[in-house]
Amino acid sequence: MFAGSQYFKPFPTASLGEAFHYLDSERASAALIIEPDFGKDAGAGRSPKAQLLLDGADNTIAGVIVGYLDGIRRSATGRLLGSAPPETIRLNTRFLFNRELSSKWFVIPGLVVVVIGLLSTLLTALTVAREWENGSMELLLSTPLEPLEIILGKIAPYLVLGVASVVFVYAVARLVFHVPFVGSHLLFSFSVLLFLCSTLAQGLLISVVTRSQPLAMQISIITGLLPSMLLSGFIFPIESMPVFFQYFTAILPARWFMVIARGIFLKGAGVSELAVPLTVLAFMSALMILVSTKRFKRDLEP
């Protein structure tokens, strides 16, 4: 029997390999494997065995499932034996993932999302907005530079800064906190560039629309930093949020990159397992760049 985030669903299998497949593909959060002779052994007074495989990537969901485990054990034993479970029943726990139960393994990879959301969106919006306020943007317009060249020139330093910040977080995670990295560095780098493109374009769009540093800072915090902290799954799991916010987070690039970062960092997820988050993030990045570029051109060339 497999436990999803909100329901239990029986599957006609007791294969350990298939159980790991469902957990690795995130189709289930836990798998309860019951041997075919479990009922006969219990009725004959022998010691039946059952195994629970639990995905420990999300501490909150894992804690909820573990909390229900004792109730499930008592209810099942009462039905089989017709009485309360005897004291001889024991639960033996082994941790195959994150054996030290260290929360830093789960928190630190998510810092990449927060750092990029803070640096790229906020700083890009403030810098370009300052150009509008100071009037130096008009000087750039008088040059033979194309709007796209101006855009690339403005966001290039923050692209380098964003990549450097990710490298710094990665080095601290690996060397200081000893968080394992079991995925592909190439796939992780590609995902970081996708997310950086979306956040830089978002900051540029904010600056073009507002043309004011105080207003750009407020909008950047509301649309960039706060979603990265509160609605990306960094602090609160998406599955534990109200239904409205679960759907609302689907339009936030930070939510999808959080899945990608933790999946590659901790689980070694590949392209096939992250196909949906990667596709959505690529679409959002392309859309954000297109909208910001079009709006920038429309303002410069009415």
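What pairs come out if I take residues in region 43-61 that are on the phi > 0 side of the Ramachandran plot and pair them with residues that are part of a helix (DSSP H, G or I) and at pLDDT 70 or above whose C-beta lies under 7 Å away, six or more apart or interchain?
none
Consider only pairs whose beta carbons are under 7 Å apart and that are at least six residues apart or on different chains; among these, list those whose first residue lies in region 123-137 and is farther than 13 Å from residue 215 by Cα and whose second residue is among the acidic types (Asp, Glu).
That search, which allows pairs on different chains as well, returns 137/131.
Within region 171-204, how many residues turn out to be part of a helix (DSSP H, G or I) and either in contact (Cβ under 8 Å) with a residue 40 or more places away in the chain or farther than 24 Å from residue 227 by Cα (or both)?
23
Restricting region 236-276 to residues that are in a loop (DSSP other than H, G, I, E, B) and more than 12 Å from the chain's Cα centre (by Cα), which is nearest to residue 22 (Cα to Cα)?
273
Return yes or no: is residue 300 within 17 Å of residue 114 (Cβ to Cβ), modelled with pLDDT under 80 and of a type in the set (A, V, I, L, M)?
Values: within 17 Å of residue 114 (Cβ to Cβ): no; modelled with pLDDT under 80: yes; of a type in the set (A, V, I, L, M): yes.
For residue 300, the condition - within 17 Å of residue 114 (Cβ to Cβ), modelled with pLDDT under 80 and of a type in the set (A, V, I, L, M) - is not met.
Could you tell me whether region 141-149 includes any residue that is buried (at least 18 other Cβ atoms within 10 Å of the Cβ) and not aromatic (Phe, Trp, Tyr)?
Looking only at region 141-149, we keep the residues that are buried (at least 18 other Cβ atoms within 10 Å of the Cβ), and these are none.
Scanning region 141-149 turns up no residue that is buried (at least 18 other Cβ atoms within 10 Å of the Cβ) and not aromatic (Phe, Trp, Tyr).
Filter region 219-235 for residues that are touching a residue at least 40 places away in the same chain (Cβ under 8 Å) and either within 25 Å of residue 105 (Cβ to Cβ) or part of a loop (DSSP other than H, G, I, E, B) (or both); which is farthest from the chain's Cα centre (by Cα)?
225
Looking at 192, 243, 276, 271 in this structure, which one is surrounded by 14 or more Cβ atoms within 10 Å (Cβ to Cβ), in the same structural domain as residue 152 (by TED's automatic domain parsing) and among the hydrophobic types (A, V, I, L, M, F, W, C)?
192
The values are calculated or read from the model by the stated rules, or taken from the named source; none is laboratory data. Just so it is clear, the structure is predicted and the values come from calculations on it, not from any experiment. Ideal geometry is used to build each Cβ from the backbone, glycine not excepted, and the neighbour counts take in all protein chains shown.
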